[in-house]
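Visitor: Sharing a structure below in structure tokens format, with a few things to ask.
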Amino acid sequence: MAVTIAPSILSADFANLEAELGRIATADWAHVDVMDAHFVPNLTLGLPVVQRLAQVSPVPLDCHLMIADPDRWAPSYAEAGAHSVTFHAEAAAAPVRLARELRERGARAGLALSPATPAEPFLDWLGEFDMVLVMTVEPGFGGQSFLDGCLPKLRRLRSAVDEHGLEVRLQVDGGVSAETVERCAEAGADVFVAGSAVYGADDPAAAIAQLRGLAGG
Ligand code: DX5
Ligand code: ZN
């Protein structure tokens, strides 16, 4: 299974985002956390910033939308050039229709599940998505502690994906570090988001390489 490392720029210096993207050029994707102060109690950045980041980033953008009404707003992120656009199951009115719209616009469609959101209602629909994001903290902030209680859900998703021979990536996001990444890989993740563990390191490239190695990549 290919290992994808996606550092989250939530922990980067927002005054120097182009340079901060340059520091993670050895990663596979750059994870961009869009928060709207409605779906989560935090506000980060939005479409105009993503449009510019897509033009200057050395790696594809993996946009994680923690926003209300993604049915309305998410397609624009696909048009902005995001490689993948992930919206929250708890916020979407019509997740399958939205996933199809994102794919029609050339992006990979991702479905995010907050810690208390079960995977079961979506198991019959996994083929509509390119990725499922299993949140391993409550969404909204970087630097929180990893929630081991999310791992059984990840295992169930891995079983379902493999059982049906699907090519759906399984992403973990929140508290992923050298301490926790092996547990995530063992439970079936193949895309690893890390904010503070990468941008909080003296050498982000070394942190990326360490995570990749521990994840089995
Ligand atoms: C949290 C965000 C995460 C966050 C992860 O809501 O979705 O992407 O940046 O940060 P760490 O790795 O510090 O937990
Ligand atoms: Zn995220």
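The values are calculated or read from the model by the stated rules, or taken from the named source; none is laboratory data. In this text the structure is predicted, and so the values were computed from the model without any measurement. No Cβ is skipped: glycine too gets one built from the backbone with ideal geometry, and neighbour counts run over all protein chains shown. Heavy atoms of the whole protein, side chains included, go into the accessibility calculation; ligands, DNA and RNA do not. Shrake-Rupley method; radii C 1.70, N 1.55, O 1.52, S 1.80 Å.
Visitor: What whole-number value in Å² describes the accessible area per residue of the range 49-115 for a 1.4 Å probe? Walk me through the intermediate numbers first.
Guide: Values: 2590 Å² over 67 residues.
Ligands and nucleic acids excluded, the figure is 39 Å² per residue.
Visitor: Still on this model: Report, in debye and to the nearest 20, how large the dipole of the chain comes out about its Cα centre when Lys and Arg carry +1 and Asp and Glu carry -1 on their Cβ.
Guide: Details: 15 positive and 29 negative charges, 45 e Å.
Dipole about the Cα centre, nearest 20: 220 debye.
Visitor: Helix-derived [θ] at 222 nm for the chain: sum -39500 (n - 2.57) over DSSP H runs of at least 4, divide by residue count, nearest 500? Before the final figure, lay out each step's value.
Guide: Details: 8 runs with 71 residues, N = 217.
Here the helix-only value at 222 nm equals -9000 deg cm²/dmol.
Visitor: At 1.4 Å probe size, put 145, 196 in order of accessible surface, largest to smallest. If you can, show how the numbers build up before the last one.
Guide: Values: 145 95, 196 65 Å².
Order by accessible area, largest first: 145, 196.
Visitor: If you don't mind, another one. List the residues of the range 126-165 whose backbone N lies under 20 Å from a point placed 7 Å from the Cα of residue 100 along the Cα-to-Cβ direction.
Guide: 126-132
Visitor: Where does the chain land on Rg(C-alpha)/(2.2 N^0.38 Å)?
Guide: Details: Rg = 15.6 Å, N = 217, 2.2 N^0.38 = 17.0 Å.
This ratio for the chain stands at 0.92.
Visitor: Now a separate question. Count charges around residue 120 for me, please; just the other residues with Cβ under 11 Å from its Cβ, Lys/Arg as +1, Asp/Glu as -1. Write out the running numbers ahead of the final one.
Guide: Details: positive: 153, 156; negative: 124.
Spelling it out: positives minus negatives among the neighbours equals +1.
Visitor: Hey, can you grab everything whose amide H is under 5 Å from the amide H of residue 39? Only 5+ residues off in sequence or another chain; H modelled, so Pro and N-termini drop out.
Guide: Amide H to amide H, under 5 Å and 5 or more residues apart or across chains, residue 39 pairs with 68.
Visitor: Something else about it: Roll a 1.4 Å probe over the protein heavy atoms and report the accessible area of residue 83 in Å², nearest 10.
Guide: 40
Visitor: On a full-extension model of 0.36 nm per residue, what is the gain between residue 179 and residue 93, subtracting their alpha-carbon distance, rounded to one decimal in nm? Walk me through the numbers on the way to the answer.
Guide: Details: separation 86, 0.36 × 86 = 30.96 nm, distance 3.62 nm.
Gain on extension, residue 179 to residue 93, equals 27.3 nm.
Visitor: Using +1 on the beta carbon of Lys and Arg, -1 on that of Asp and Glu, and nothing else charged, what's the dipole of the range 107-217 about the Cα centre, debye to 20?
Guide: Details: 8 positive and 16 negative charges, 6 e Å.
Value, rounded to 20: 20 debye.
Visitor: Quick one: Kirkwood hydrodynamic radius for the range 1-96, alpha-carbon pairs, angstrom, one decimal? Numbers along the way, then the final one.
Guide: On the way: mean 1/r = 0.0733 Å⁻¹.
Computed over Cα pairs of the range 1-96, the Kirkwood hydrodynamic radius comes out at 13.6 Å.
Visitor: Within the set of other residues whose C-beta is less than 11 Å from the C-beta of residue 208, count the net charge using Lys and Arg as +1 and Asp and Glu as -1.
Guide: Working: positive: 23, 212; negative: 28, 203.
In short, 0.
Visitor: Could you list the chymotrypsin sites (Phe, Trp or Tyr not before Pro) in the range 1-77 that lie in coil according to DSSP, counting only those with at most 13 other Cβ atoms within 10 Å of their Cβ?
Guide: Details: sites: 14, 29, 39, 73, 77; in loops: 14, 29, 39.
For chymotrypsin sites (Phe, Trp or Tyr not before Pro) across the range 1-77 that sit outside H, G, I, E and B with at most 13 neighbouring Cβ atoms in 10 Å, the list reads 14.
Visitor: Can you give the accessible area of residue 28, probe radius 1.4 Å, in Å² rounded to 10?
Guide: 50
Visitor: For the range 131-187, what D do you get in µm² per second when you plug the Kirkwood radius from alpha-carbon pairs into Stokes-Einstein at 4 °C and 1.567 mPa s?
Guide: My calculation gives 111 µm²/s for D.
Visitor: Sticking with this one: Tell me, what is the 1.4 Å probe accessible area of residue 18, in Å² to the nearest 10?
Guide: Around 110 Å² of this residue is reachable by solvent.
Visitor: Where the accessible area of the range 1-135 is counted over protein heavy atoms with a 1.4 Å probe, how much of it, in %, is carbon and sulfur?
Guide: Numbers: 2800 of 5500 Å².
Roughly 51 percent, rounded to a whole number.
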